[in-house]
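Laboratory data are not the source of any read-out in this text; all were calculated from the coordinates shown. As the structure is a computational prediction, the values presented were derived from the model and not from experiment. So basically every Cβ, Gly included, is an ideal-geometry build from the backbone, and we count neighbours across all protein chains shown.
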Amino acid sequence: MNPITNKPYSANCKAVRAAAAKLPVAQALPKLRQTIRDNRVTILVGETGSGKTTQLPQALLEEFPHERIVLTQNRQLAARKVADRLAQELDVEVGGDIVGLKHKGCNLTTPATRLTVITDGSLLMQAKAEQNLQSPKVVIIDDAHEHTAATDLILGLLKSLTKSLDDLKIVIMSATIDTDLFRQYFEGAVVETVSGRSYGVEIVYLPEPPMSEFDALLDVIIHVHLYEKGGDILVFVSGVKEALKVINHVQAALTGPKACMKGDEVGPIEIFPLYSQLAAEKQDTAVNSVAPVGRTIGKGRKIIVATNIAETSITLVGVTHVIDSGRVKVKVWDPRSECWTLHDLWASKDVAAQRAGRAGRTAPGKAYRMATREGFHSQLPNRSVAGIQVCDMIGESLNILTMGLNPITFPYIVAPATETVMTAFGILQKLGAINPRGELTESGKAISGLPCSPYNAYTVLLSESFGCTSQILSIVSIIEASEGGQVFVQPTNEEEKKALGKICAFFQHPSGDHLTLFNIYMAYRQASLDNKTDEFVKENTLRKSVLRDADNTRSRLVGIMFNRARNNKGTFRSLRDDDPMYYVKIISALAAGNFTRVAKRIPNSKTLFETVRGGVTVTLDHHTKLSQSSEWVYNELQGTKSGKVMRLATAIVPEQLIKSFPVHWIDEQFFLPEGHIKDALVKTIANMTGLPEKDVLVALPKPTKPR
Ligand code: ADP
Ligand code: MG
């Protein structure tokens, strides 16, 4: 009998449960249940594949039969797969009263759901809304070693709650966790260790350092496919571009016209990319599809080329060979230049262990590392940098404040840099989200309640006074969904590149990127009304999942903004298509929202701009098309190998810029250092006010507030 449902187990479920009973964690469960019952915080350390994620939550359902349990996952794919597996082992469906699933845009729970698998981001949102986590009895933080910013904020919240919530049980799980750090953090925490894993994983290193890391990776993939027996191959690379490049080269080497072997020697292969920006259905196809059969020598093979989306938590049935490029992409915020930079770095030994752990889950496996044994041990850092140490702390500070805590005294498990927190406070104050005492304002609460970045949320709120909320919501939604404008499928050859050039030119708006994205999204919505989205997306090589995500984000934002208007806290207006000031109003609202991110062209330069805040020299992104006469732009900065670029830039004439936020820009001239930016600003204000230039700074009232 199934003690959870009080029904007999189905035949299929019995087999799954029999296998689970053999997992290393199984024998430890009675003791673990007792430890968790007797202690507030339990740290469970057990190798990858020992059964932590799938077995412990089930044991706790039995241990606490009337209570609610939440299990966090750091990624949506992992949350979906773990919920599926738990439901399968419990013989129930995801979304009922036993197993639920929650992540951005998905809520498969009922008011009675006992065990909810939830992404750390969604749990944080929930904590923000409820101001605490009173409802669950047990919170299981899975893969805590990753130190995602959201997980670490939840840990801090839990730490501050343990004092007031006597009854709350916290379980921290990982294979590669720094137990000392966690034990110090949660005083009195008990560490339980489980040894063993499902199957062994042999680690294979390169015999000598490679001349080219990419070539070595390709060689290993091809070698493993041609000469190694057994199951599927999972390759880890640092990003989407890298994944697509590997797929192209592997396909060419194994099946292209220049392939070194004949088809029947190669056997049937199927290659899938797997990354977070891929539509959920496509991710599921990559994960669930079964390798083709019929290879002359041995079996056919499935090859998955993944980013770190597949690194923790999930079991990819059939994978026995993991080939790890050893690289990761890390987005790092620089508080001085207020700029993100994407770094391609060596992964940590932690990451390598997790990646290797994806082999050996359903059969013995091998993990190949793109370094020599010596190189691996001497060059790779032991642990990855915590998310909180590389993020901008702007949204994070808002989250902490919304949970009723203080970002300066917050009990971080790993502390952010003070400079980053101070810069974040400065920006939040500029956005009016906090007052000079660092307290959340009404506007800050509104910004925090919108499911988008603080800058975008601020723009949405400002759009009310420009009468263009509907249009701004469209622009903000597509920016959010496309992670800063990546709406097109990456071209893989010259022909596709040319075709994409024509498509971009078609949607191009002369003022710049924001309105180009707006054009694309509006055309998509029209196609959607005509029931022609599939054709539209295909013809224009757009990423459908991005556009669908934008729709979801937009509906949520519309809901919140409507409510605001209904409660007389704001207005919800849409510009009429025939409004002669249509684009002027949209551009002004965007400029007002991005007033801290304005840059001006350096005199006589074709390509260089200087940011008003910080005086950083930046260039336009290669896809941004602006006329040479555009002097002022607002933008989002990103650091690249070739310097700092403006990812999304829209041109604005200075008079309109000043009108979009007069209080700020009239103040600004008093604080700017001497130079072309100050000169241009004074000149424009002189023109607009009719004052002689030399009198502008004298005649206007000086700002009263210090900055
Ligand atoms: P851990 O969290 O300790 O890494 P899990 O509980 O995720 O381990 O998985 C333990 C084992 O259960 C895996 O190694 C695998 O053998 C089996 N397993 C888990 N999920 C699945 C699945 N979706 N399909 C098949 N086997 C699975
Ligand atoms: Mg796990």
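The table for this structure:
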{"item": "Whole-number percent relative contact order across the range 11-194, with pairs defined as alpha carbons under 8 Å at least 6 apart", "result": "30"}
{"item": "Inter-site label distance for GLU281 and HIS343 at 7 Å from Cα along Cβ, in nm", "result": "4.0"}
{"item": "For ILE323, residues with placed amide H under 5 Å, excluding near neighbours", "result": "LEU234, VAL235, PHE236, TYR368"}
{"item": "Reachable aspartates and glutamates from LYS694, criterion Cα separation under 15 angstrom, eight or more residues apart if same chain", "result": "GLU674, ASP679"}
{"item": "Ranked packing of 594-606, 386-398, most packed first, by mean Cβ within 10 Å", "result": "386-398, 594-606"}
{"item": "Lysine pairs with alpha-carbon atoms under 21 Å apart, the range 300-401, spacing 8 or more or separate chains", "result": "4"}
{"item": "Viscosity 1.567 mPa s, 4 °C: Kirkwood-radius Stokes-Einstein D of the chain over Cα pairs, µm²/s", "result": "47"}
{"item": "Pairwise FRET efficiency - GLU202 versus LEU226, Cβ, R0 = 25 Å, nearest 0.05", "result": "0.85"}
{"item": "Rounded to 5, percent antiparallel among DSSP beta bridges of the chain", "result": "40"}
{"item": "Degrees between helix 469-481 axis and first principal axis of the chain (Cα, 0 to 90, nearest 10)", "result": "40"}
{"item": "Low-density loop positions, GluC sites (Glu not before Pro), the range 160-224 - DSSP coil, at most 11 other Cβ in 10 Å", "result": "GLU187"}
{"item": "Whole-number percent relative contact order across the chain, with pairs defined as alpha carbons under 8 Å at least 6 apart", "result": "10"}
{"item": "Helix-only CD estimate at 222 nm, as mean residue ellipticity for the chain, using -39500 (n - 2.57) per DSSP H run (n ≥ 4)", "result": "-13500 deg cm²/dmol"}
{"item": "Estimated FRET transfer efficiency (LYS14, LYS331; beta-carbon r; R0 56 Å; 0.05)", "result": "0.75"}
{"item": "Cα shape, the range 520-615, gyration tensor, a/c 1.5 rule", "result": "oblate"}
{"item": "Ordering of 509-517, 672-680 by burial proxy (mean other Cβ atoms within 10 Å per residue, highest first)", "result": "509-517, 672-680"}
{"item": "HIS664/ASP530 FRET efficiency (R0 35 Å; Cβ-Cβ; nearest 0.05)", "result": "0.25"}
{"item": "Positive-end residue of LEU86, SER10, ALA352, charge dipole of the chain with Cβ unit charges", "result": "SER10"}
{"item": "Angle between the chain longest axis and helix 418-430 axis [Cα atoms, degrees, rounded to 10]", "result": "50"}
{"item": "The range 201-385: relative contact order in percent, alpha carbon pairs under 8 Å with at least 6 residues between", "result": "31"}
{"item": "Computed label-point distance, nm, for sites MET211 and THR193 using a 7 Å Cα→Cβ extension", "result": "4.5"}
{"item": "Fewest-first ranking of CYS13, CYS468, using other Cβ atoms within 10 Å as the exposure measure", "result": "CYS13, CYS468"}
{"item": "The range 201-385: antiparallel DSSP beta bridges as a percent of all, rounded to 5", "result": "25"}
{"item": "Cα-based helix-to-principal-axis angle, 11-20 vs the chain, degrees rounded to 10", "result": "90"}
{"item": "Stretchable slack from HIS676 to ASN519, in nm (0.36 nm times residue separation minus alpha-carbon distance)", "result": "53.2 nm"}
